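J.: Can you read through this structure? Questions will come right after.
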Amino acid sequence: MNPLSFPRSGYDSVSGLVFLPRLLDKARLHAAGRLAGDYNLGTGYDARLCRLLGLAYDDLAAKAREEADDATVLAWCYEKGRRPSDDEIQHFNAFMTKRGWRDDSAEKMKASKEKRGIAARDDIQTHFDLYDFDEGRK
């Protein structure tokens, strides 16, 4: 029996694009029956990344399941969907890595920290930080 696993951090990147390794891990682990928990597959941040790349989540998840190399999957994304400009990637990365910190989801972030009993943890400021905490990386 394969143990359940967590996906990589949202901060991880492929060729400078954050969150893609996490999305690919979620798709692969889910297909193998090894994804530890509910990860809102295809919605939320998955959907944001798919919109940036001009791809349907199901198509990207299928490619992730058939190809183990993340860089190869990204090249496929650029070929089948769209290749964002460097500025678009920079804006996407900044948005994603800061989400929950001083934005419209800050109250949700605060409530999530309180629910977990970590309201005083100043090192956990963003949703990616919270994922890292939940998955034992912080």
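J.: State, as an integer percentage, the relative contact order of the chain based on alpha-carbon contacts under 8 Å between residues 6 or more apart.
T.: That works out to 21 percent.
J.: How high is the relative contact order of segment 99-138, given as a whole-number percent (alpha carbon pairs under 8 Å, six or more residues apart)?
T.: About 37 percent, as a whole number.
J.: Zone of H91 (label point 7 Å along Cα→Cβ, backbone N under 17 Å): which residues in segment 1-32?
T.: Once the point is set 7 Å along Cα→Cβ of H91, 17-18 turn out to lie under 17 Å by backbone N, inside segment 1-32.
J.: Under the 0.36 nm per residue contour assumption, what length would be gained going from the current alpha-carbon distance of W101 and A75 to full extension?
T.: Answer, rounded to one decimal: 6.2 nm.
J.: Under 17 Å Cα-Cα from K108, which lysines qualify once same-chain neighbours fewer than 8 residues away are excluded?
T.: K108 reaches K98.
J.: Here's a follow-up. Quick one: length gained pulling T43 to D59 fully straight, 0.36 nm per residue minus the C-alpha distance? Let's see the in-between values first.
T.: Details: separation 16, 0.36 × 16 = 5.76 nm, distance 1.38 nm.
Going from the current span to full extension adds 4.4 nm.
J.: Another question about this same structure. Which of [x] 56, 38, 22; [y] 37, 33, 25; [z] 44, 44, 21 is the computed Cα extents along the principal axes in Å for the structure on display?
T.: [z]
J.: Let me ask you something else. Would you mind checking the tilt of helix 20-31 against the longest principal axis of the Cα atoms of the chain, expressed as 0 to 90 degrees and rounded to 10?
T.: Computed tilt is about 80 degrees.
J.: Report the label-to-label distance for E66 and R51 in nanometres (one decimal), using points 7 Å from each Cα along the Cα→Cβ vector.
T.: Those two pseudo-labels are separated by 2.8 nm.
J.: Next question. Nearest 10 degrees, 0 to 90: what angle lies between the long axis of helix 86-98 and the longest principal axis of the chain (Cα atoms)?
T.: Orientation of helix 86-98: about 30 degrees from the principal axis.
J.: Report the Cα-based extents of segment 99-138 along its three principal axes, largest first, to the nearest Å.
T.: The principal-axis extents, from largest down, are 26, 17, 14 Å.
Throughout, read-outs are computed from the coordinates displayed, never taken from laboratory work. Just so we're clear, the structure is a prediction, and the values are computed from it rather than from any experiment. Here Cβ is always computed from backbone atoms with ideal geometry, including for glycine, and neighbour counts include all displayed protein chains.
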